[in-house]
There are 2 protein chains.
Amino acid sequence: MSDAPLGRLRERLGEIADLRAAADLLHWDQEVNMPPKAAAGRGRQLATVAALAHRMFTDAEMGEFLKELQDGAHALAPDDAALVNVTAYDYVRATKLPETFVHTFAEETSKAYEAWVKAREISSFPAFQPHLETLLELLKKKADLLGYEGSPYNALLDEYERGMRIEQLEAIFAELAPKQAALVERLVNATHPPDTTWTRRDWPESRQWDLTVRILSDMGYDFEAGRQDKSVHPFTTSFGLHDVRVTTRFDAKDPFSAVSSSMHEGGHALYDQGFQEQDARTPLAEGASVGIHESQSRMWENMIGRSLPFWKHYRPLLNEFFPDVPPHVSAEDVYRTVNCVKPSLIRVEADECTYNLHVIMRFEIELALIEERMVVAEIPEVWSAKMKEYLGIAVPNDAQGCLQDIHWSLGSMGYFPSYALGNLYAAQIFERILEDIPDLWGRIESGRFYPLLHWLREHVHRHGRRKLATEMIRDITGAEPMCAPYLRYLETKYGELYGV
Amino acid sequence: MSDAPLGRLRERLGEIADLRAAADLLHWDQEVNMPPKAAAGRGRQLATVAALAHRMFTDAEMGEFLKELQDGAHALAPDDAALVNVTAYDYVRATKLPETFVHTFAEETSKAYEAWVKAREISSFPAFQPHLETLLELLKKKADLLGYEGSPYNALLDEYERGMRIEQLEAIFAELAPKQAALVERLVNATHPPDTTWTRRDWPESRQWDLTVRILSDMGYDFEAGRQDKSVHPFTTSFGLHDVRVTTRFDAKDPFSAVSSSMHEGGHALYDQGFQEQDARTPLAEGASVGIHESQSRMWENMIGRSLPFWKHYRPLLNEFFPDVPPHVSAEDVYRTVNCVKPSLIRVEADECTYNLHVIMRFEIELALIEERMVVAEIPEVWSAKMKEYLGIAVPNDAQGCLQDIHWSLGSMGYFPSYALGNLYAAQIFERILEDIPDLWGRIESGRFYPLLHWLREHVHRHGRRKLATEMIRDITGAEPMCAPYLRYLETKYGELYGV
């Protein structure tokens, strides 16, 4: 009878995972398939299913199973201990939020999201402002309910990057931001910008589709356990280890947009397809953190998908999909094309060199909001000032400025840093991969991605949530999260590309 | 405070509707999108969500709301009284089945379904037989748990055709079967079979797709509140009034197969899109019965979609989609083509004249099984005998015989009669429609389906589950369900077509 509570815990977690999968499918369908008039009804369905999953997870019985398992009376195998540990962490966090709070938060974010969509359409921050003010109060309340040391932002950060502290983050970004801004400035003033005139042709969507499917297959993405669809905002979603789906989008003038998007989501998807079968339907079958998840997407998208060896392999294949690409276009031409650096207004369209700067300014703003060092009404002004400072460009309107991202409208603060951390983690991990697989670039050049995937499966994917992000980085690299490897990577790559 | 229990009842029913919509989406996705390796996980998700919905619906609190509302202390408006009445009926039925029984039933049907898929592949009834024997025992147990008067089959029939009694059904079928069999025999021996040689050409799938979308739109199906997809077995599913989806399938040699399939599902979908907004997320927003639902699909598919006026309208349009259909092919040629009568092995491919015979023999078999007048092992033999008797054809193997239908593998007995009832209801209703809209055929010939849809909305759709099937038929026609109108319809139409 000693493993009875463990068995019941697993059973309950399985049911909750099933319910969350249903919610995820409702969401995936909303983005991919849903007819327009269904929006209101779908909102209610999502709210109901999410509330039920929350209710099941925070049920007192769950607490009893966990308490009994943590009491030490049960000798737990390491995997079981990890499951209990992770579940207990989530349980404590979830039960700190009363159901009335969760309900109010869901209602207000639903209203805020609708207001944000409309405000962005008319490019008017004031139309969104009162909603964001309400959400900010709720987020501060949430931090209080969850409890924290130091900044209340730490409480929010834990949701995405458990264990990361604001002090550590600020130190990393304080080093990263000026160095990356300085690099961007050098590149913008460089005399060797890449020639991209050869891309001025039609890139039929169906061929772009075929190319992305080919690349995803080559990467090792299992189409028998997933699928690709189109959506306005590309995303990855998992309904379980054997159903991990990606979406992408197409630009008729630029096939590399779809390639990047598919490889980015493919990186996420390989992670989700790489958890262990024994962890299925448990919280162990999740990424170590949002930042680690992002490290996988950014590694495939940028370090691999924007590398010269990658395009040495795919340049000849490009003509299979687009027969009229002229023979004189070399792998190097493609490589230069996909690595244009140009400060721009929109984060999700930003190149590798400018991307973190978009993220860091959002982090600084949301931190100041949570720490009550600024108010919501000041956002547009601060946004413009930071865009000028970090990227040297002027913000023409709110839609292309502070209204561009969905996150705040969903009540997400503490998420943005993960994007930058993802880049840093990726670079730290990648330096180690190059040590472990000295011929990695040779393999990539011959289209063999398996050694890389195998390494990632072994050192990152299979662990699921057994390790925190910082533990994983430490185990792989022997160091703390840091920005030096990423800066080395950028400076080497773009120094050569731009001759600076 | 007097409407408090009503408000709470509606709230609870809304949550249950949301959960069922999630289950329906899991199922729709399984048929339309799901990657193959996801099958096992999806099965668990469906089981979990269905069990949760059952648990919520059978919760004691639900019984208390209903009891309080039925006690008469609350003066209920007619719509509220209808809601309470329908919900109480479902509640009493659902609570008669203990959760352990529901769970066992779900598990065994899941196994039986898998066994059926494999058995059909290898065309071996013995591979399915033990599972069907288990399910039959469970179905008899279910009838006992539900309680019944007369035959235990009545208890099962109530799930699909509430209020219909086996005595009434047997009387109708006893009249229908021999008359319809005799008609088929006359037609098969007729000297004027239709010439369909003109259809021997390629019918590109993308054009078939466009044609079905055009027809669905013309019928009044709202693509802003639904969508069409492809699936192996066409079906309609509803996630709420504003998201009712159909699927269809294509035969490269025969565009009329897709037209029929889309119109059939379109008929179901128009019903589901036609419930009242105020009934959304309640059990009132459902069909009166499976038979009434089928009357809508069969009416659009056959009475409209296989009529001469319909093809007088669409014959010229056919060339918009298939430019090389020769001009000499007339509306009458198409009309004759889509109304070929030919006894065949497969129910879902059967023509209008033979269809009910397929259904009635299944009904006779399942009735005999439930009433213990035959055993499962005898099914193949009885199947062959009945196919010979009713349709005059020999059954070559189990796959094309008693293994062709999914229903029994899902633990559904009592469902088949609804298909035949649907045809009968459709004909009864249609006679009344022709009285109310004397120029109906003129409207159809000019492509105006709105008068028909409007009539159906008014007399059938908007009532949802406020009336039982028999009440609805009585209100519309002043008569009980009967087969005379359907036989009149068949004899007139096919007598003229075949000159018999």
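Taken together, the values in this text are just the output of simple stated rules run on the coordinates, not laboratory data. Here the structure is a predicted model, which means the values were calculated and not measured. Cβ placement follows ideal geometry from the backbone for every residue including glycine, while neighbour counts extend to all protein chains displayed.
Using only alpha carbon pairs under 8 Å that are at least six residues apart, calculate the relative contact order of chain A and give it in whole percent.
Value for chain A: 20 percent.
Compute the label zone of A:ASP218 within the range A:429-469: residues whose backbone N is under 18 Å from the point 7 Å along Cα-to-Cβ.
A:440-454
Ignore the peptide's own chain and count Cβ atoms of other chains within 10 Å of each Cβ in A:235-243; give me the average, rounded.
4
At a 10 angstrom cut-off on C-beta neighbours, averaged per residue, how do the peptides A:297-308, B:188-199, A:483-494 rank from highest to lowest?
A:297-308, A:483-494, B:188-199
Return the chain B residue and its Cβ-to-axis distance, rounded to the nearest Å, for the rotation relating B to A.
B:ALA22, 2
Hey, got the average number of other protein chain Cβ atoms within 10 angstrom for residues in B:16-22?
That works out to 6 on average.
In chain A, with Lys and Arg counted as +1 and Asp and Glu as -1 at Cβ, which of these residues, A:LEU138, A:THR337, A:LEU13, has the Cα nearest the positive end of the dipole, that is, farthest along it?
A:THR337
Add -39500 (n - 2.57) for each DSSP H run of 4 or more in chain B, then divide by its residues: what number comes out at 222 nm, to the nearest 500 deg cm²/dmol?
After summing the helix terms and dividing by the residues of chain B, the value is -20000 deg cm²/dmol.
Percent antiparallel among DSSP beta bridges with both residues in the protein assembly as shown, to the nearest 5?
55
In nm to one decimal, list the spacings between the A:TRP441 label point and its equivalents in the other copies, with label points set 7 Å along Cα to Cβ, shortest first.
The answer, with the shortest distance listed first, is 8.0 nm.
Considering amide H positions built from the backbone, and no H for Pro or chain starts, which residues 5 or more places from B:ASP351, or on another chain, come under 5 Å of its amide H?
For B:ASP351, whose amide H was placed from the backbone, the distant partners under 5 Å are B:LYS342.
From the phi angles alone, apply the Karplus equation (6.51, -1.76, 1.60; θ = phi - 60°) to the range B:428-436 and give each ³J(HN,Hα) in whole Hz, x where the residue is Gly or Pro.
Listing the rounded values in order: 4, 5, 5, 4, 5, 4, 5, 6, 6 Hz.
Among A:PRO78, A:ALA39, A:TYR91, flag the residue with its Cα farthest along the positive direction of the charge dipole of the range A:38-94, charges on Cβ as +1 for Lys/Arg and -1 for Asp/Glu.
Going by the charge dipole, the pick is A:ALA39.
Could you run the Karplus curve 6.51 cos²θ - 1.76 cosθ + 1.60 with θ = phi - 60° over the range B:82-95 and give me ³J(HN,Hα) per residue in whole Hz, x for Gly and Pro?
Per residue, the Karplus-derived 3J(HN,Hα) values read 4, 4, 4, 4, 5, 5, 5, 4, 4, 5, 4, 4, 5, 6 Hz.
List the distances, in nm and shortest first, from the label point of A:ALA81 to the matching label points in every other copy, placing each point 7 Å from Cα along the Cα-to-Cβ direction.
Between copies, matching label points for A:ALA81 lie 6.7 nm apart.
Starting with the fewest neighbours, write out A:SER262, B:SER384 ranked by other beta-carbon atoms found within 10 Å of each beta-carbon.
Starting with the residue having the fewest Cβ neighbours, the order is B:SER384, A:SER262.
Determine by what factor the alpha-carbon radius of gyration of the protein assembly as shown differs from 2.2 N^0.38 Å, reporting the quotient.
1.05
Arrange B:ILE476, A:ILE406, B:ILE215 by Cβ neighbour counts within 10 Å, fewest through most, would you?
Starting with the residue having the fewest Cβ neighbours, the order is A:ILE406, B:ILE476, B:ILE215.
Measure nothing but the geometry: give the 0 to 90° angle between the long axis through the Cα atoms of B:166-188 and the longest principal axis through the Cα atoms of chain B, rounded to 10°.
Around 10 degrees separate the two axes.
Please list, ordered by chain and number, the residues whose modelled amide H lies under 5 Å from the amide H of B:ALA280; skip anything fewer than 5 residues away on the same chain.
none
Under unit Cβ charges (Lys, Arg +1; Asp, Glu -1), what dipole magnitude, rounded to 20 debye, does the range A:256-407 have relative to its Cα centre?
Dipole of the range A:256-407, to the nearest 20 debye: 460 debye.
Give me the one-decimal nm value for the distance between modelled label points at B:HIS74 and B:ALA40, 7 Å along each residue's Cα-to-Cβ direction.
4.6
With charges only on Cβ, +1 for K and R and -1 for D and E, what is the dipole size of the protein assembly as shown about its Cα centre, in debye, rounded to 20?
Using Cβ point charges on Lys, Arg, Asp and Glu, the protein assembly as shown gives about 1360 debye.
Considering only C-alpha atoms, what is the centroid distance from the range A:15-92 to the range A:350-399, in Å?
Centre-to-centre distance over Cα atoms comes out at 34 Å.
If you place +1 on the Cβ of every Lys and Arg and -1 on the Cβ of every Asp and Glu, how big does the dipole about the Cα centre of the range A:333-404 come out, in debye to the nearest 20?
Dipole of the range A:333-404, to the nearest 20 debye: 220 debye.
Amide H neighbours of B:ASP229 under 5 Å, counting only residues 5+ apart in sequence or on other chains, H built in-plane at 1.01 Å?
Those qualifying (amide H under 5 Å, at least 5 residues apart or on another chain) are B:VAL246, B:THR247, B:THR248.
At B:ALA377, label 7 Å along Cα→Cβ: distances to the other copies, nm, ascending?
Those separations, rounded to one decimal, come out as 8.7 nm.
Going by average Cβ density within 10 Å per residue, which order do the peptides B:129-139, B:414-424 take, highest to lowest?
Packing proxy ranking, top to bottom: B:414-424, B:129-139.
Could you list B:LEU176, B:LEU66, A:LEU157 in order of exposure, starting from the residue whose Cβ has the fewest other Cβ atoms within 10 Å?
Fewest to most other Cβ atoms nearby, the residues stand as B:LEU66, B:LEU176, A:LEU157.
Determine the relative contact order of the range B:182-336: mean sequence separation of Cα pairs under 8 Å and six or more apart, normalised by residue count, in whole percent.
21
How large is ³J(HN,Hα) for each residue in the range B:237-251, as worked out from phi by the Karplus curve 6.51 cos²θ - 1.76 cosθ + 1.60 (θ = phi - 60°), to whole Hz, x for Gly and Pro?
9, 10, 9, x, 4, 9, 8, 10, 10, 10, 10, 9, 9, 10, 10
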